[in-house]
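Every number in this text was worked out from the coordinates using simple rules, so none of it is lab data. What you are looking at is a predicted structure, and each value in this text was computed from that prediction instead of being measured. Cβ coordinates were reconstructed from backbone atoms using ideal geometry, including for glycine residues, and neighbour counts include every protein chain displayed.
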Protein chains: 2
Amino acid sequence: MRYELYYWDGIQGRGEYVRLALEAAGADYVDVARTKGGEAKMMKLMQGGATPSFAPPYLKAGKLLIGQTANILLYLGDKHGLAPKTEAGRLWAHQLQLTVSDFVVEIHDVHHPVGSGLYYEDQKPEAKRRAAGFLAQRVPKYLGYFERVVKANKAGKGRHAVGARLSHVDLSLFQIVEGLRYAFPKAMRKLEKTAPRVVAVHDAVAALPRIRAYCESPRRIPFNEMGIFRHYPELDAE
Amino acid sequence: MRYELYYWDGIQGRGEYVRLALEAAGADYVDVARTKGGEAKMMKLMQGGATPSFAPPYLKAGKLLIGQTANILLYLGDKHGLAPKTEAGRLWAHQLQLTVSDFVVEIHDVHHPVGSGLYYEDQKPEAKRRAAGFLAQRVPKYLGYFERVVKANKAGKGRHAVGARLSHVDLSLFQIVEGLRYAFPKAMRKLEKTAPRVVAVHDAVAALPRIRAYCESPRRIPFNEMGIFRHYPELDAE
């Protein structure tokens, strides 16, 4: 079966967590909006059908059309061995993925604290205020949490957040570290020293042949200032 | 089995979506933080164990300790018939619940646009700016989405968002309507006219004997200005 991924062209955004899972699984998929006429197809699918999504990404898997990033990863985790098979393990991996989702919302809202309908340029003073608390309190809180999770997971031998094998959680933590380094390079130089185990999970993912090949391919869209992780120097640490 | 729910005393917050599911299911549970010494027990459980949570709510179900609101509802939905049994139906209900979660973040951030670590009083001008876009664009977008979902679900006969039976999605939509009415009474008088089907789902939930009994009991904490839905008249429509 060839999956159809629907997500905005031009940005990594939330679609990237799905792309990383598909790539790590070696799954056959087409990134529809990046093909000719694909964006129109995506918009049409968002309006109708039995299970319309509030927003991209969504994944067509045979007859299923699945929306919400963490929900898609719950599905792919089961199908491709990217999550534990036990009930307890699946719920735990999903819980961590939902905490990644919460973190992603906060990362986005640093540059859009007043509203997603306004330009960054219309909310720069508010963004600067939000960035200060984000870097001082929120990033340490999230990274500290995931650091404790990786530490407690003895079976992962420092390479995996959940169990003894690669999961969608590892892949998403890879993206979080990559993105924070891009968006806040000065702050991250200090912050990632406080979360060496999270960085080790990132490094283990980065070394996977399929992920390395993906990141070097044109399928990986570079970070930019239209996505979730944006490098605005004025929002980084001094 | 008696469930143990862990959530802050004094507010409905995210715990309320879990309480509504437990109440609708007639499940046996204890709201631990509202018992003597319960909050200390909650804080201790957040720090340790095999599956620590980033934040409350979490639910102890036998040996399982499950965090993240939507994840808890995924579990309870399966155990208590509050979600469809098919793979497609479960994923669809969960997708809608995750969209409720996104909406809840936005509702919270109206009064905390700059940061959750600051008081509302320290971000009032920013909150006023955010509230304007929230009421003009975001609430109509979310309510419009759920309105289409309920309309498309013929099996629900106007009473249910998913399938022919009560689900955790209906319960959460009930809470969304209740909360928006409390927080933004002036704006909601107009807004809910645009989403009569969502209001009908709310009304069907409100009429359930178990939910009616719950809402009239001291177990239902009243809305207040420490929770997610806060009534600040200056943020409501003119």
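What the table below lists for this structure:
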{"read-out": "Estimated 222 nm signal from helices in chain A, with DSSP H stretches of n ≥ 4 weighted -39500 (n - 2.57), rounded to 500", "value": "-16000 deg cm²/dmol"}
{"read-out": "Extended-chain gain in nm, criterion 0.36 nm per residue less alpha-carbon gap, A:ALA200 and A:LYS79", "value": "41.0 nm"}
{"read-out": "Convex hull (Cα only) mean projected area of the range B:15-166, reported in nm² to one decimal", "value": "11.2"}
{"read-out": "Dimensions in Å of the range B:87-208 - Rg and Dmax from alpha carbons", "value": "15.3, 48"}
{"read-out": "Label spacing, shortest first and in nm, from B:GLY10 to its equivalents in the remaining copies (7 angstrom along Cα→Cβ)", "value": "4.6"}
{"read-out": "Leading residue at positive end of dipole, the range B:23-62 (Cβ point charges), from B:GLY49, B:VAL32, B:ALA61", "value": "B:GLY49"}
{"read-out": "Inter-chain shielding of B:148-161 (mean C-beta neighbours from other protein chains, 10 Å cut-off)", "value": "1"}
{"read-out": "Neighbour cut-off at most 15 other Cβ (10 Å), DSSP loop, trypsin sites (Lys or Arg not before Pro), the range A:27-95", "value": "A:LYS36, A:LYS63, A:LYS85"}
{"read-out": "Prolate/oblate/rounded call for the range A:3-79, Cα gyration tensor, a/c under 1.5 rounded", "value": "oblate"}
{"read-out": "Relative contact order of the range A:87-221, pairs being alpha-carbon contacts under 8 Å that are 6 or more residues apart, as %", "value": "21"}
{"read-out": "Per-copy distances of the B:GLU225 label point, shortest first, in nm (7 angstrom along Cα→Cβ)", "value": "3.9"}
{"read-out": "Calculated label separations, A:PRO140, copies of the chain, 7 Å along the beta-carbon direction, nm", "value": "4.3"}
{"read-out": "Chain A: relative contact order as a whole-number percent, Cα under 8 Å and 6+ apart", "value": "21"}
{"read-out": "Inter-chain Cβ neighbour average for residues A:64-72, partner chain, 10 Å", "value": "6"}
{"read-out": "All aspartates and glutamates inside 19 Å of A:LYS85 as judged from Cα atoms, apart from same-chain residues fewer than 8 positions distant", "value": "A:ASP170, B:ASP78, B:GLU87"}
{"read-out": "Across A:LYS63/B:LYS154; A:LYS79/B:LYS41; A:LYS44/A:LYS79, pairs whose alpha-carbon gap is larger than 29 Å", "value": "A:LYS79/B:LYS41"}
{"read-out": "Chain B: DSSP helices with Cα axial extent of at least 27 Å and average Kyte-Doolittle hydropathy no lower than 0.0", "value": "B:87-111"}
{"read-out": "Aspartates and glutamates with Cα under 14 Å of A:LYS141, excluding same-chain neighbours fewer than 8 positions away", "value": "A:ASP102, A:GLU106, A:GLU192"}
{"read-out": "Debye, to nearest 20: dipole size of the range B:87-208, +1 on Lys, Arg Cβ, -1 on Asp, Glu Cβ", "value": "620"}
{"read-out": "Per-residue average of Cβ from other chains inside 10 Å of B:87-99", "value": "6"}
{"read-out": "Fully extended contour minus Cα-Cα distance, from A:THR86 to A:SER217, at 0.36 nm per residue", "value": "43.7 nm"}
